[in-house]
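Here is the structure we will look at, set down as structure tokens.
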Amino acid sequence: MKPSQERNDNFGELYTIETVERITHISKDRILVYQQYGIITAVSSAPPEEPRFDDEAVHKLRRISLLLSEYGVNEKGVLALSALIDEVERLRKEIRFLRG
């Protein structure tokens, strides 16, 4: 396991903000803004100034990167689309559960 990664049995791999920046090509400042807006969530912050992110956060940030670069969506559009995509995913899970 790389030094920038940790293992957490509840969440799988945890990544430092530097690793997430390298993986997603999104700056640390933007990552923190997306965290502030609630688009992604740090699953660990020990110490608080060193947030750790899971695979779900990395996936969401890659999606944001794609929306920005490939589709030309602006920041406000990214926020709106991210909320809609999250809601669609939540509803899909609920449907799968109900069909169970």
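The values are calculated or read from the model by the stated rules, or taken from the named source; none is laboratory data. Quick caveat: nothing in here was measured; it's all calculated off a predicted structure. Here Cβ is always computed from backbone atoms with ideal geometry, including for glycine, and neighbour counts include all displayed protein chains. Ligands, DNA and RNA are excluded from the accessible area calculation, which covers all protein heavy atoms including side chains. Shrake-Rupley method; radii C 1.70, N 1.55, O 1.52, S 1.80 Å.
Take segment 39-74 and flag every residue that is among the small types (G, A, S) and assigned to a helix (DSSP H, G or I).
A57, S65, S69
Taking the criterion of being open to solvent by 100 Å² or more (accessible area, probe 1.4 Å), assigned to a loop (DSSP other than H, G, I, E, B) and more than 15 Å from I26 (Cα to Cα), would at least one residue in segment 81-96 satisfy it?
No: zero hits.
As an exercise: evaluate I64 against (1) within 14 Å of the chain's Cα centre (by Cα); (2) open to solvent by 70 Å² or more (accessible area, probe 1.4 Å) and give the number of the one condition it does not meet.
It is condition (2) that I64 fails.
Does any residue of segment 26-33 turn out to be surrounded by 10 or more Cβ atoms within 10 Å (Cβ to Cβ), modelled with pLDDT of 90 or more, part of a loop (DSSP other than H, G, I, E, B) and among the polar types (S, T, N, Q)?
yes
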